[in-house]
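Asks: My structure is below; once you've seen it, I'll send some questions.
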Amino acid sequence: MNIIVVGGGGREHAIIKSLKKNKTINKIYALPGNGGMADDAECVDIGAKDIDAIVDFAVKNNIDFAVVAPDDPLVLGAVDALTAKGIPCFGPDKRAAIIEGSKVFSKNLMKKYSIPTAEYEVFSDIEKALDYVKTAPVPVVIKADGLALGKGVLICNTRDEAEKAVKTIMEDKIFGESGNSVVIEEFLTGPEVSVLSFTDGKTVVPMISSMDHKRARDNDEGLNTGGMGTVAPNPHYTPEIARRCMDEIFIPTVKAMNSEGRTFKGCLYFGLMLTPKGPKVIEYNCRFGDPETQVVLPLLKTDLFEIMKAVSEERLSDISVEFSDKSACCVIMASDGYPEKYEKGFEIKVNGELDGDMFIAGAKMSDGKLLTNGGRVLGVTAVADDLKSAVDKAYREIEKVSFENAYYRKDIGKRALEAVKEA
Ligand code: AMP
Ligand code: GLY
């Protein structure tokens, strides 16, 4: 079995490490991967958005299965193009990936099928959007319609801020064409939970829940990032809430996509907020979350490749997907200054054996040395019997890793542990 994994970050490294446990797989290529995963996959210098080159590579190298991990190639139709050449894939086709690719689509879907989410209005005319925010209750949330590297959501505490946000998205086009339309929505409150799920369009199997930490600095201060750490399971996600989410959100979403003729096959990610009025959807992603994957997959007991194949062949109901009852914590080590300006090119050193996993997100090999090459450089994941031990272990292990200019949050898991105490 020869496999390609499209993408090149920590999430892809975690997927590759899980796939490697399957003994029928001979070879895994990462397109483009990064220098830090060279021990686990052969990295090929093809960008994740270069669909033609991806397909060409897959055909020429007798690829038996493709895993398309990032949002961009999914939304651009990588799965459609690979499938057209007879290559089975894990990931939604373009028609289904729109659930992440357009917030206007996903909000309208939820409204049409009564899936709980924040109240909202859609605008493609800037004057009408500006009029609306003049009287909208604040805080108010303004979202660019399309993909924006996870940065297209602006939470505005005053109407002035909201007016500025509308202008930067729709007039200055800071997110490009993604800002042609905006969703303006009600501000919700409550703990956030990430639930990734496997679905083949018939069955939906939620994975273990997790909690992301999106802000750059401790105590959830600083700018929004791609994620500075995660824990799993998320203590806010009780069995009772899980049942409600299954009935009110997960199954209705999969059915809604079928009804729209947009059957979703792959990993469907539910970004949820547990509001006083019940769980609501904040966002859908059409793929594994990053860095949620770095805590979820290390707890997966079932063979990942078997699940992916079953999803692709629409026989997920035949498989029993099991997770360990342990806990995991992932702490992201970034270049100081991220998500704004930062320096790169520093050597990454590991002092001794790591008792855990190191997933590399932004690094390259140069003269036999592994050098930092991005904002988020790597994640260290520890698994232990309970959340507190997993958090303590992740922080103990990350001490063994160093590079000049390294920065990481010191409070990953703190809120989750407080929630455990309150329960
Ligand atoms: P998104 O990119 O849609 O996940 O949004 C990024 C973050 O903005 C979320 O993780 C939430 O913390 C916050 N957010 C998004 N929508 C809302 C909302 N309606 N109310 C409150 N916070 C929100
Ligand atoms: N961690 C959120 C995301 O992957 O978008």
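The values are calculated or read from the model by the stated rules, or taken from the named source; none is laboratory data. As the structure is a computational prediction, the values presented were derived from the model and not from experiment. For accessibility, only protein heavy atoms count, side chains too; no ligands or nucleic acids. Shrake-Rupley method; radii C 1.70, N 1.55, O 1.52, S 1.80 Å.
Asks: Please enumerate, by chain and number, the aspartates and glutamates with C-alpha under 18 Å from the C-alpha of K60, excluding those fewer than 8 residues away in the same chain.
Replies: E42, D45, D50, D52, D80
Asks: Starting from the amide H of S197, placed 1.01 Å from N in the peptide plane, find each other amide H under 5 Å away whose residue is 5 or more places distant or on another chain.
Replies: Correct list: M207, L268, Y269, F270.
Asks: A further question on this structure: Mind checking which lysines have their C-alpha under 16 Å from K128, skipping anything on the same chain fewer than 8 residues away?
Replies: Within the straight-line limit of under 16 Å, K128 reaches these lysines: K143, K164, K167.
Asks: Mean-square fluctuation check for the chain, GNM, Cα pairs under 10 Å: which of V296, V281, V59 is largest?
Replies: Largest GNM mean-square fluctuation: V59.
Asks: What accessible area per residue comes out for segment 36-181, rounded to a whole number of Å², with a 1.4 Å probe?
Replies: Details: 7040 Å² over 146 residues.
Ligands and nucleic acids excluded, the result is 48 Å² per residue.
Asks: Then there is this: Relative contact order for the chain: what percent, with Cα pairs under 8 Å and sequence separation of 6 or more?
Replies: Values: 993 pairs, mean separation 69.2, N = 423.
That works out to 16 percent.
Asks: Still on this structure, please answer the following. Using a 1.4 Å probe, how large is the accessible area of R287, given in Å² and rounded to the nearest 10?
Replies: Solvent-accessible area, nearest 10 Å²: 40 Å².
Asks: I would also like to ask the following. With every protein chain left in place, what is the accessible area per residue of segment 197-350 in square angstrom, probe 1.4 Å?
Replies: 38
Asks: Once neighbouring chains are kept in place and the probe is 1.4 Å, which whole percent of the accessible area of the chain is contributed by carbon and sulfur?
Replies: Carbon plus sulfur share of accessible area: 47 percent.
Asks: What are the ³J(HN,Hα) values, in whole Hz, obtained from phi via the Karplus relation 6.51 cos²θ - 1.76 cosθ + 1.60 with θ = phi - 60°, for each residue of segment 53-64 in sequence order, with x given for Gly and Pro?
Replies: 5, 5, 5, 4, 4, 5, 5, 5, 9, 6, 6, 8
Asks: Quick check on segment 254-321: take the gyration tensor over C-alpha atoms, sort the square-rooted eigenvalues as a ≥ b ≥ c, and tell me if it's rounded (a/c under 1.5), prolate or oblate. It would help to have the intermediate numbers written out before the result.
Replies: Numbers: a/c = 2.11, a/b = 1.22, b/c = 1.74.
Oblate is the answer for segment 254-321, as a/c is 1.5 or above yet b/c matches or exceeds a/b.
Asks: Which of the lysines could a cross-linker span from K421 if the Cα-Cα distance has to be under 29 Å and same-chain partners fewer than 8 positions apart are dropped?
Replies: Output for K421: K214, K277, K280, K301, K326, K388, K393, K410.
Asks: For the chain, what is the calculated [θ] at 222 nm in deg cm²/dmol (nearest 500), taking -39500 (n - 2.57) for each run of four or more DSSP H residues and dividing by its residue count?
Replies: When only DSSP H runs of four or more count, the value is -8000 deg cm²/dmol.
Asks: What percent does the relative contact order of segment 131-283 come to when contacts are Cα pairs within less than 8 Å and at least six residues apart?
Replies: Relative contact order here is 21 percent.
Asks: Related question: Considering only protein heavy atoms, what is the solvent-accessible area of R415 at a probe of 1.4 Å, reported in Å² to the nearest 10?
Replies: Answer for R415: close to 100 Å² accessible.
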